Amino acid sequence: FTDENPSKIVKATLNADGTVTGSSTLASGITPVAGSNVGFEGVTKIGSDYFAVQEATPPKIWKLTNGAGSLAALSGDLRDHATHKIIALGGLTRGGDATDELFLMAKTYNSTGRDGTSKYIQKGIMRYKISTGAITERFGGEMCNMGQPEGLTFWKGDDGKINMLMVGETHEARLYQADSSCSSGTVANEMATCVEKKVVSANCEKTKADG
């Protein structure tokens with residue numbers, strides 16, 4: 001799991017009774033230092049490597065090779081991404097046994113919307129190719145209606161079906177299950193994008209204590 005400030009990756013054992021033991025810090029600190037409340041938001045492990053996302057200013061993916069040493073930037077500033085300008089990230093996860101992709105929770109990004117032409121602020125899951133930095137797919141769905149999406153995971157149930165769980169602050173969850181009758185292999189534009197929402201008031205994610 002991660003600590004936001006200072007940005008660090010911590011490893012521990014979660015026991016069956018809910019207690020946590022054997023906590024150790026694998027890596028701590030990034031350069032430049034993340035601002036208050038915009039540090040690490042999530043971590044996942046592929047093979048022996050760990051991948052973490054920095055929430056904002058800048059939104060970025062970091063890599064810890066072999067679980068030791070210093071954190072290195074895997075991506076540049078994702079606000080400058082070639083296809084989808086990601087402004088803030090809420091988390092990430094791996095995609096099953098895949099070794100060259102991550103699924104990012106882009107809780108704020110700017111890109112083409114429902115009409116395929118206009119660009120505006122949206123929310124969505126981004127399928128990110130590690131080796132090239134390309135975003136190969138995106139998914140909006142119910143994430144479009146979440147206030148502040150913060151976490152994502154996949155798993156295979158006892159029935160063999162693939163599940164996807166999205167969670168958000170303060171008490172939000174959206175659960176999807178793969179439909180075995182669907183064989184298109186593509187995400188329709190209506191599910192990939194969000195309807196444009198006109199912002200009528202500005203909100204702040206920081207608490208009073210954070211300033």
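The values are calculated or read from the model by the stated rules, or taken from the named source; none is laboratory data. All values reported here derive from a predicted model rather than from experimental measurement. Methodologically, a virtual Cβ is constructed for each residue, glycine included, from the backbone with ideal geometry; neighbour enumeration extends over all protein chains shown. For the accessible areas, the whole protein counts, side chains as well, though only heavy atoms, and no ligand, DNA or RNA atoms are used. Shrake-Rupley method; radii C 1.70, N 1.55, O 1.52, S 1.80 Å.
Here is a list of conditions, (1) open to solvent by 70 Å² or more (accessible area, probe 1.4 Å); (2) free of Cβ contacts under 8 Å to residues at least 60 places away in the same chain; (3) part of a loop (DSSP other than H, G, I, E, B), and Gly76 meets all of them except one; can you say which number that is? Status for Gly76: all satisfied but (1). Residues that are open to solvent by 50 Å² or more (accessible area, probe 1.4 Å) and among the aliphatic types (A, V, I, L, M) within the range 1-35 comprise Leu14, Ala16, Val20, Val33, listed in sequence order. In the range 134-155, the residues that are more than 21 Å from Glu55 (Cβ to Cβ) reach residues that are open to solvent by 60 Å² or more (accessible area, probe 1.4 Å) with C-beta atoms within less than 6 angstrom, at least six apart or across chains, in these pairs: Thr136/Arg127; Thr136/Lys129; Glu137/Arg127; Gly141/Met191.
Only residues that are closer than 21 Å to Asn66 by Cβ and either hydrophobic (A, V, I, L, M, F, W, C) or in a strand (DSSP E or B) (or both) were counted across the range 1-31, and they come to 17.
Test Asn66 against the criterion of being surrounded by fewer than 21 Cβ atoms within 10 Å (Cβ to Cβ), in contact with an Asp or Glu (Cβ under 8 Å, 6 or more places away or on another chain), on the phi > 0 side of the Ramachandran plot and part of a loop (DSSP other than H, G, I, E, B), and give yes or no. Criteria not met by Asn66.
Results for (1) modelled with pLDDT of 95 or more; (2) of a type in the set (A, V, I, L, M, F, W, C), shown as yes or no for each residue.
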{"position": "Ile9", "(1), (2)": "yes, yes"}
{"position": "Asp17", "(1), (2)": "yes, no"}
{"position": "Leu26", "(1), (2)": "yes, yes"}
{"position": "Thr31", "(1), (2)": "no, no"}
{"position": "Asn37", "(1), (2)": "no, no"}
{"position": "Phe40", "(1), (2)": "yes, yes"}
{"position": "Thr44", "(1), (2)": "yes, no"}
{"position": "Gly47", "(1), (2)": "yes, no"}
{"position": "Phe51", "(1), (2)": "yes, yes"}
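Each residue in the range 81-97 was checked for being open to solvent by 30 Å² or more (accessible area, probe 1.4 Å) and in contact with a strand residue (DSSP E or B) (Cβ under 9 Å, 6 or more places away or on another chain), and 6 of them qualify.
So which residues in the range 36-45 are within 15 Å of the chain's Cα centre (by Cα), open to solvent by less than 60 Å² (accessible area, probe 1.4 Å) and not aromatic (Phe, Trp, Tyr)?
Result: Val38, Gly39, Glu41, Gly42, Val43, Thr44.
A single entry from Ala52, Ala34 fulfils the requirement of being touching an Asp or Glu at 6+ places or on another chain (Cβ under 9 Å), in a loop (DSSP other than H, G, I, E, B) and in contact (Cβ under 8 Å) with a residue 24 or more places away in the chain: Ala34.
Residues in the range 101-135 that are surrounded by fewer than 16 Cβ atoms within 10 Å (Cβ to Cβ) and in contact with a strand residue (DSSP E or B) (Cβ under 6 Å, 6 or more places away or on another chain): Lys119, Ile121, Lys129.
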